[in-house]
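Asker: Questions regarding the structure given below will be posed in turn.
The values are calculated or read from the model by the stated rules, or taken from the named source; none is laboratory data. Everything numeric here is computed off the predicted structure, so don't read it as measured data. Cβ sites come from the backbone with ideal geometry, for glycine too, and all protein chains shown count toward neighbours.
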Amino acid sequence: MRNRPVLIGLAAGALALTVACSGSDDSDDSDHVDKAAPLSSGYSVRAALAEIPDSAVEGEVLVQTADLRAATEAAGVEFPTDGSREGTTPWLMALTDGASDRPAPGFVPLPESFNLQSASPDDFAGVLGWSVLDVDSFVELSVPPGRFAVVTGDFDDDTLSGDLTEVEDGIVTDREGEDFENDLASVNATNPLGVPTRLARQDDRIALGTSTPAVRSWLDGGDTLADDDALAAVAGALDDEDVVSAVLTHVEGGQDPAAALGSQASPEQLKALSEQIDGFVPDDPFDAVGIGWAVDDGKAEVHVAYHFESDDAATDGAKVLEKTYREGVSVVSQTPFSDYLSVDDVETDDSVVTVSVTPADDNRDGFLYQALVQRELLFVSR
């Protein structure tokens, strides 16, 4: 199993949280870690993990994925046909909790690879030949300066722009240059820093990233993140809940919740936090977390899966996690978590605990994503 640091970041890059992983050899997870099929066989979180080559992970990772068509339908909005900013903004706002009024149900952590912060889908397609509007599902692993994504769609031999340059057999690029080499004079609609984007296609899937070896590994096959026991276990739990989007990461034990308060925290705040932690963090560590979003009959559901090192640890941890969700208070806002969500169920399956919640009527479905990034008590491991 791997032992490496992991980074969780928002797609917009505004916030980041450094955590670390340590894989588990717990044989009780064997039902969760059989070989996963790729996304071309149908969407699942496990299938999304199977698209990320193990060799693409170099110390830090963010994994985010969605069945974009299903998430759009579940949110009750239309998939846009107009690739301008004006034509896509309402759709993007609905999927990312950005609407000014009550947002649509669900949440989609859209990839950095689509460069939606800097360019319209039309401009993006003008460089690569396709855009987010052609995508059915995606998975992305992204940490600056590296990023690697795989998308599915109705792609064929004519999808990739004929203006792309061949790097090596089966791999093309939007501009010449070394991997990760930024050139602000060559900025285009695919990358705001002018870093070359490497692409390859296999049937209805396209891989794109900043590393030629990572794209080559995807073409050649081999070990993937679906072979990671802890990640595969939480992915399996989220698939059991029929989620249409998800974020997954490993979690480092011994995190300091005071980091969420920042360097300007007062002694009174630190004291209150110390008192708050007692009884709200499981005694045994969990090493992976996955947050998944689903919609049932127009109602948003969020499922959070925690992977512990043993079945007993999960059983004990489930009791503490339920208490934290029901009675805990946000480190950042000092608002009870119960103001943001209500607990529907807490289940333990072998070494995985799944907490299912419903967002409060006046709160947004992306709250738990923010809580993960901000090191809230819900995601602190001893």
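Asker: Can you go through D82, D97 and tell me which one is part of a loop (DSSP other than H, G, I, E, B), modelled with pLDDT of 95 or more and over 22 Å from L219 (Cα atoms)?
Answerer: On the way: D97 fails: modelled with pLDDT of 95 or more.
Only one candidate qualifies: D82.
One line per residue, one yes/no per condition, for (1) over 25 Å from E178 (Cβ atoms); (2) touching a Gly at 6+ places or on another chain (Cβ under 8 Å); (3) assigned to a helix (DSSP H, G or I):
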{"position": "S118", "(1), (2), (3)": "no, no, no"}
{"position": "G126", "(1), (2), (3)": "no, no, yes"}
{"position": "L141", "(1), (2), (3)": "no, no, no"}
{"position": "R147", "(1), (2), (3)": "no, yes, no"}
{"position": "D156", "(1), (2), (3)": "yes, no, no"}
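Asker: Let me ask another. So, in the range 163-181, of the ones that are in contact with a strand residue (DSSP E or B) (Cβ under 8 Å, 6 or more places away or on another chain) and outside any strand (DSSP E or B), which residue ends up nearest to N115 (Cα to Cα)? Give the derivation first.
Answerer: Going residue by residue through the range 163-181, those that are in contact with a strand residue (DSSP E or B) (Cβ under 8 Å, 6 or more places away or on another chain) are 164-167, 170-176, 179-180.
Next, only the ones that are outside any strand (DSSP E or B) stay: 164, 170, 174-176, 179-180.
Details: L164: 18, G170: 24, D174: 14, R175: 16, E176: 19, D179: 18, F180: 16 Å.
Filtering the range 163-181 for residues that are in contact with a strand residue (DSSP E or B) (Cβ under 8 Å, 6 or more places away or on another chain) and outside any strand (DSSP E or B), the one nearest to N115 (Cα to Cα) comes out as D174.
Asker: Out of E140, E168, I need the residue that is among the acidic types (D, E) and surrounded by fewer than 19 Cβ atoms within 10 Å (Cβ to Cβ). Which one?
Answerer: Values: E140 fails: surrounded by fewer than 19 Cβ atoms within 10 Å (Cβ to Cβ).
Sole residue among the options that is among the acidic types (D, E) and surrounded by fewer than 19 Cβ atoms within 10 Å (Cβ to Cβ): E168.
Asker: Still on this structure, I have one more. Specify which of the listed residues (T212, T190, T197) is of a type in the set (S, T, Y) and farther than 23 Å from D122 by Cβ. Walk me through how you get there before you give the answer.
Answerer: Values: T190 fails: farther than 23 Å from D122 by Cβ; T197 fails: farther than 23 Å from D122 by Cβ.
Answer to the selection: T212.
One line per residue, one yes/no per condition, for (1) in contact (Cβ under 8 Å) with a residue 60 or more places away in the chain; (2) out of contact with any His (no Cβ under 7 Å at 6 or more places or on another chain); (3) within 18 Å of V135 (Cα to Cα):
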{"residue": "P196", "(1), (2), (3)": "no, yes, no"}
{"residue": "L225", "(1), (2), (3)": "yes, yes, no"}
{"residue": "A233", "(1), (2), (3)": "yes, no, no"}
{"residue": "V244", "(1), (2), (3)": "yes, yes, yes"}
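Asker: Another one. I'm trying to understand the selection: among the residues of the range 336-382, which are assigned to a loop (DSSP other than H, G, I, E, B), at pLDDT below 90 and more than 17 Å from A318 (Cβ to Cβ)?
Answerer: Kept after step one, since they are assigned to a loop (DSSP other than H, G, I, E, B), are these residues of the range 336-382: 340, 350-351, 360-366, 374-376, 380, 382.
Those still in the list that are at pLDDT below 90 too: 360-366, 374-376, 380, 382.
Matches in the range 336-382: A360, D361, D362, N363, R364, D365, G366, Q374, R375, E376.
Asker: Something else now. Of all residues in the range 241-279, which are at pLDDT 90 or above, buried (at least 18 other Cβ atoms within 10 Å of the Cβ) and of a type outside the set (S, T, N, Q)?
Answerer: Listed by number, the residues that qualify are E241, V243, V244, A246, V247, L248.
Asker: Now for a separate question. Applying the selection to the range 182-198, what residues are in a loop (DSSP other than H, G, I, E, B) and more than 18 Å from A214 (Cβ to Cβ)? Steps first, answer last, please.
Answerer: The first filter runs over the range 182-198 and keeps only residues in a loop (DSSP other than H, G, I, E, B), leaving 182-183, 187, 189-190, 192-197.
Within the range 182-198, D183, V187, A189, P192, G194 qualify.
Asker: If you take the residues of the range 280-337 that are surrounded by 17 or more Cβ atoms within 10 Å (Cβ to Cβ), of a type in the set (V, I, T) and under 26 Å from D242 (Cβ atoms), which of them is farthest from the chain's Cα centre (by Cα)?
Answerer: Out of the qualifying residues, it is T324.
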